[in-house]
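What follows is a short report on a single structure.
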Amino acid sequence: MTQTLHHRACHLCEAICGLNIAVNRGDDGRERITSIKGDPLDPFSRGHICPKAVALQDIQDDPDRLGQPHRRVGSQWHAIGWDEAFALAAERLWSIQQAHGQNAIAVYQGNPSVHNYGLMTHSNYFLGLLKTRNRFSATSVDQLPQHLTSHLMYGHGLLLPIPDIDHTDFMLILGGNPLASNGSIMTVPDVEKRLKALKARGGQLVVVDPRRSETAAMADRHLFIRPGGDAALLCGLLNTLFDEGLARGSHLPANGVEQVREAIAPFSAEAMSPLCGIDAVSIRQLARDFAAADKAVCYGRMGVSTQTFGTLCHWLVQVINLVTGNLDREGGALCTEPAVDLVASTSGGHFNVWQSRVSGLPEYAGELPVAALAEEMLTPGAGQVRALVTVAGNPVLSTPNGRQLDTALQGLDFMLSIDLYINETTCHADLILPSTSALENDHYDSTFNLLAVRNVTRFNRAILPKPQGALHDWEIFVGLAQAFARRAGLALKPTVAPAQMIDAALRKGRYGDASSWQLSLDTLDTHPHGLDLGPLRANLSARLATVSKAVEVAPQIILDDLRRLAAQAPAAPGELLLIGRRHVRSNNSWMHNFHRLIKGKARHQLLMHPQDMRQRLLEDGQQVRIRSRTGTLEVEVQASEEMMPGVVSLPHGFGHGRQGVHLQVAQAQPGVSANDLTDERLRDAVSGNAALNGVPVHVDAA
Ligand SMILES: Nc1nc2c(c(=O)[nH]1)N[C@H]1C(S)=C(S)[C@@H](COP(=O)(O)OP(=O)(O)OC[C@H]3O[C@@H](n4cnc5c(=O)[nH]c(N)nc54)[C@H](O)[C@@H]3O)O[C@H]1N2
Ligand SMILES: Nc1nc2c(c(=O)[nH]1)N[C@H]1C(S)=C(S)[C@@H](COP(=O)(O)OP(=O)(O)OC[C@H]3O[C@@H](n4cnc5c(=O)[nH]c(N)nc54)[C@H](O)[C@@H]3O)O[C@H]1N2
Ligand code: SF4
Ligand SMILES: [Mo]
């Protein structure tokens, strides 16, 4: 028996921790993982690891993970060969487009699409051939408002300013819980250490959240907020900054600051207080403290993105950073300078060039809001969606009104899924094409280096051999593209492996052949723990991609949305709003099949404040019924002082107890799906992003 130690970045969440993975080769020649630990020599993650990392081994060994293409006939699954699978997919997709037009096929790309680099480099090689306008992804149940805001203000949807957490004196977090999520659109491995360092150097951490989250619990100040009330709070803050003369100038060229000052004038802290449930004195004080800090940063994430004013919120976050002089400044918010720069290699994005057929929702960068996916399938007429391709996604559990989508999938003519499992979504597929596991594949993170709090880079080779007959995700897309092009008589440009693409991008990049770094895959191969390319630096003035080359501070479409905010009603008595939550041992919908992560007491209860429970004569641990416009669920309630009264919390990604699902471990603790309660009609009016937080519900005894 021989043991080898491999260094490898974890791709399971945005934190991209470096790991040391020991692999034993047994006398039978088989290689098995024997331990997974944090890599202390990774200059970025410095040894950090979270409980989810063991899932890398559990995915590897999971008997439910598919090893070859599977075709469904009725309720039976049959393993088939790759050539047959590619030909079948090409034939069905082509003939449906022949009969009903290109838009009859919809595409949904899920979250791992941006974690697995072969999916980043090659999914469009095939999906682009379909030429459908019905493209959807997890972006519109997540960060779409952030891309749209950057597109409108900075001219590129990926010019996303990242909090300079290591140098700031004051961090204001709204709707993010990095202690559970490990940071998001702020790739920050050991976030707890970095937040403790902020406090140790005399800095302040303020968290705004309807739940006293793990991050709120370590903050200097936590403000409860009525779900969906952040736009009101942020307006109150911005108004106070102007009203009390606290705004500083910015070095950035900017158009429209005066227009914003005028537009925001009616939105005083006093007027906004009833909408957000935070008293005006606290709002004004927060604005003063933020402005008084030498270096401050306002950061809004998931919780403020997935609400009915998502774009307004993220715009306000940017404007507050700008007018306090903290945008593009050390200790404020800074854009990264990654080795492989997607900002340089992609267009700035486009918005509302076309709309969804049924509800007229706007496209952004070629994608429509996924809240419209089910209605595009269920509404008859020219252009109706009749087939679906899912890639690394589980929209039945992840998108609003998942039951409606579940029903819609059953009526499709054909469904193809590129996925590892037969889960709540892919159980409806006619064909599932599974890829190799992550550790059988090499890895370069082009997404999260773009979002990291330092400029870092790292490439790691596969650490386990590719099983015979298995294909990587990118090879599946090449196979599909070739088969489809053949069937449709299309010409196909040749392609190269992802690693070759990354090598070329590294050499062309700012640390490439023309620089003293001379980065290429060869150099990264000699630095398996990763390389630190330095702290974030001011660079936005030179990179603004707007036509004016200035920050467009006052996009009309966003200013117009202020009117909707002004018309909002304050909380009605007895109001009960549903929000989500994340746990450090869970990851969206697909990590509940690993015994080591899921063991222990259940974590998918409904959290409710004891006062709200008393009013409803509910007892801790009892079964309750939750109702919303879209559905009714039964779940155990747990009394929690962490909750703001009037707010209940249920994590998403559960609900594995449905027919057809092949996830043995997950099905033993199935839980219920929060998205059977969320409402596809609740959306951010500007971007169409789903409002998964702040859903009105009723709760009573089951
Ligand atoms: N109510 C509520 N809903 C939410 C959220 C919330 O906070 N509350 N969060 C939203 C957010 S932020 C997101 S990102 C979405 C996520 O939504 P989705 O992306 O739709 O869902 P995931 O659970 O990430 O599903 C990932 C799928 O990819 C498969 N997979 C994993 N790795 C690979 C791989 O390497 N290759 C392939 N081909 N497949 C792979 C898994 O088997 C699984 O089926 O959910 C959203 N939904
Ligand atoms: N362990 C773990 N890590 C993950 C994931 C996971 O599922 N599990 N998912 C990954 C993904 S895909 C993403 S996008 C990131 C997300 O990372 P984060 O953005 O940090 O997301 P959450 O941890 O869901 O934190 C959102 C917070 O917003 C709060 N919130 C809800 N509604 C409102 C509101 O109206 N206003 C305010 N101010 N707050 C509100 C919630 O109580 C919660 O504490 O995490 C990633 N990391
Ligand atoms: S925080 Fe955990 S899941 Fe995320 S990259 Fe690090 S080890 Fe992996
Ligand atoms: Mo996400």
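Selection of region 500-547 for residues being among the aliphatic types (A, V, I, L, M) and surrounded by fewer than 17 Cβ atoms within 10 Å (Cβ to Cβ) yields ALA504, ALA514, ALA538, ALA542, VAL547. The residues on offer are HIS592, HIS583, and the sole one that is open to solvent by 60 Å² or more (accessible area, probe 1.4 Å), in contact with a helix residue (DSSP H, G or I) (Cβ under 8 Å, 6 or more places away or on another chain) and not small (Gly, Ala, Ser) is HIS583. The single residue among PRO163, PRO210, PRO227, PRO145 that is modelled with pLDDT of 95 or more, buried (at least 24 other Cβ atoms within 10 Å of the Cβ) and within 16 Å of ligand 4 (Cβ to nearest atom) turns out to be PRO145. Condition test on PHE309, is it in the same structural domain as GLN556 (by the TED database), in contact with a helix residue (DSSP H, G or I) (Cβ under 9 Å, 6 or more places away or on another chain) and among the hydrophobic types (A, V, I, L, M, F, W, C)? When the stated conditions are applied, PHE309 passes them.
So for region 277-290 (the condition being more than 26 Å from GLY646 (Cα to Cα) and in contact with a Phe, Trp or Tyr (Cβ under 8 Å, 6 or more places away or on another chain)), does at least one residue qualify? Scanning region 277-290, I find at least one residue that is more than 26 Å from GLY646 (Cα to Cα) and in contact with a Phe, Trp or Tyr (Cβ under 8 Å, 6 or more places away or on another chain), so the answer is yes.
All of (1) in a strand (DSSP E or B); (2) in contact with a Phe, Trp or Tyr (Cβ under 8 Å, 6 or more places away or on another chain); (3) among the basic types (Lys, Arg) hold for ARG625 with one exception: (2).
Residues are listed down the side, and each one gets a yes or a no for (1) free of Cβ contacts under 8 Å to residues at least 12 places away in the same chain; (2) within 27 Å of ALA452 (Cα to Cα); (3) away from ligand 1 (no atom under 16 Å from the Cβ):
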{"site": "ASP190", "(1), (2), (3)": "no, yes, yes"}
{"site": "LYS199", "(1), (2), (3)": "no, yes, yes"}
{"site": "ASP209", "(1), (2), (3)": "no, yes, no"}
{"site": "GLU214", "(1), (2), (3)": "no, yes, no"}
{"site": "ALA219", "(1), (2), (3)": "no, yes, yes"}
{"site": "ALA232", "(1), (2), (3)": "no, no, yes"}
{"site": "GLY236", "(1), (2), (3)": "no, no, yes"}
{"site": "ASN239", "(1), (2), (3)": "no, no, yes"}
{"site": "ALA247", "(1), (2), (3)": "no, no, yes"}
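For region 97-132, the set of residues classified as open to solvent by 10 Å² or more (accessible area, probe 1.4 Å) and more than 16 Å from ligand 1 (Cβ to nearest atom) consists of GLN97, GLN98, ALA99, HIS100, GLY101, GLN102, ASN103, GLY128, LEU129, LYS131, THR132, listed by residue number. Considering only residues in region 669-699 that are part of a helix (DSSP H, G or I) and in contact with a His (Cβ under 9 Å, 6 or more places away or on another chain), the one that is nearest to ligand 2 (Cβ to nearest atom) turns out to be ALA674. Report yes if some residue within region 245-267 is within 16 Å of ligand 2 (Cβ to nearest atom), out of contact with any Ser or Thr (no Cβ under 6 Å at 6 or more places or on another chain) and not hydroxyl-bearing (Ser, Thr, Tyr); otherwise report no. No: region 245-267 contains no residue that is within 16 Å of ligand 2 (Cβ to nearest atom), out of contact with any Ser or Thr (no Cβ under 6 Å at 6 or more places or on another chain) and not hydroxyl-bearing (Ser, Thr, Tyr).
When we screen ASP190, ASP230, ASP243, ASP209 for residues that are of a type outside the set (Val, Ile, Thr) and more than 24 Å from the chain's Cα centre (by Cα), the only hit is ASP243.
Selection of region 168-193 for residues being surrounded by 20 or more Cβ atoms within 10 Å (Cβ to Cβ) and away from ligand 2 (no atom under 11 Å from the Cβ) yields THR168, PHE170, MET171, PRO189, ASP190. Confirm whether PHE459 is away from ligand 1 (no atom under 16 Å from the Cβ), touching a helix residue (DSSP H, G or I) at 6+ places or on another chain (Cβ under 9 Å), in contact (Cβ under 8 Å) with a residue 24 or more places away in the chain and more than 24 Å from LEU127 (Cα to Cα). Taking the combined requirement at face value, the residue satisfies it. Counting residues in region 464-484 that are buried (at least 24 other Cβ atoms within 10 Å of the Cβ), modelled with pLDDT of 95 or more and within 30 Å of PRO161 (Cβ to Cβ) gives zero. Among the residues of region 366-397, the one identified as away from ligand 1 (no atom under 16 Å from the Cβ) and within 18 Å of the chain's Cα centre (by Cα) is GLY366. In region 653-693, what residues are in contact with a Lys or Arg (Cβ under 8 Å, 6 or more places away or on another chain) and over 25 Å from LEU409 (Cβ atoms)? Residue satisfying the conditions is ALA685 alone.
Conditions tested, residue by residue: (1) of a type in the set (D, E, K, R); (2) touching a Pro at 6+ places or on another chain (Cβ under 6 Å); (3) farther than 17 Å from CYS298 by Cα; (4) within 14 Å of ligand 3 (Cβ to nearest atom).
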site	(1), (2), (3), (4)
PRO161	no, no, no, no
LEU172	no, no, no, no
ASN177	no, no, no, yes
VAL191	no, yes, no, yes
ARG194	yes, no, no, yes
ALA200	no, no, yes, no
GLN204	no, no, no, no
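If only residues of region 116-140 that are touching a His at 6+ places or on another chain (Cβ under 9 Å) and under 29 Å from LEU544 (Cβ atoms) are counted, the one that is farthest from ligand 4 (Cβ to nearest atom) is TYR117. Answer with yes or no whether SER140 is within 16 Å of ligand 1 (Cβ to nearest atom) and either among the aliphatic types (A, V, I, L, M) or over 28 Å from ALA497 (Cβ atoms) (or both). It is true that SER140 is within 16 Å of ligand 1 (Cβ to nearest atom) and either among the aliphatic types (A, V, I, L, M) or over 28 Å from ALA497 (Cβ atoms) (or both).
Restricting attention to region 650-676 and to residues that are aliphatic (A, V, I, L, M) and within 20 Å of the chain's Cα centre (by Cα), the residue that is nearest to LEU618 (Cα to Cα) turns out to be LEU650.
Exactly one residue out of ARG92, ARG30, ARG72 is over 22 Å from HIS472 (Cα atoms) and not hydrophobic (A, V, I, L, M, F, W, C), and it is ARG92.
Taking region 341-431 as the region of interest, the helices (runs of 4 or more DSSP H) fully inside it that hold 3 or more residues being open to solvent by 30 Å² or more (accessible area, probe 1.4 Å) are 342-345, 402-410. Looking at this structure, is LEU159 within 19 Å of SER687 (Cα to Cα) and in contact with a Leu (Cβ under 8 Å, 6 or more places away or on another chain)? Here the answer is yes, as LEU159 does meet what is asked.
So that you can scan it fast, the table gives a plain yes or no per residue for (1) in a helix (DSSP H, G or I); (2) open to solvent by less than 30 Å² (accessible area, probe 1.4 Å); (3) on the phi < 0 side of the Ramachandran plot:
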| position | (1), (2), (3) |
| --- | --- |
| ALA232 | yes, yes, yes |
| PRO266 | no, no, yes |
| ALA271 | yes, no, yes |
| LEU312 | yes, yes, yes |
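Applying a threshold of 7 Å to beta carbon distances and a minimum spacing of six or more residues, or different chains, the list of pairs starting in region 279-296 at a residue that is more than 19 Å from VAL207 (Cβ to Cβ) and ending at one that is of a type in the set (Asp, Glu) and open to solvent by 80 Å² or more (accessible area, probe 1.4 Å) reads ALA280/GLU270.
The values are calculated or read from the model by the stated rules, or taken from the named source; none is laboratory data. Treat the numbers as computed from the prediction; the structure is a model and nothing was measured. Counting neighbours? That spans all protein chains shown, and the Cβs are built from the backbone with ideal geometry, glycine included. Surface areas here come from the heavy atoms of the whole protein model, side chains and all, with no ligands, DNA or RNA. Shrake-Rupley method; radii C 1.70, N 1.55, O 1.52, S 1.80 Å.
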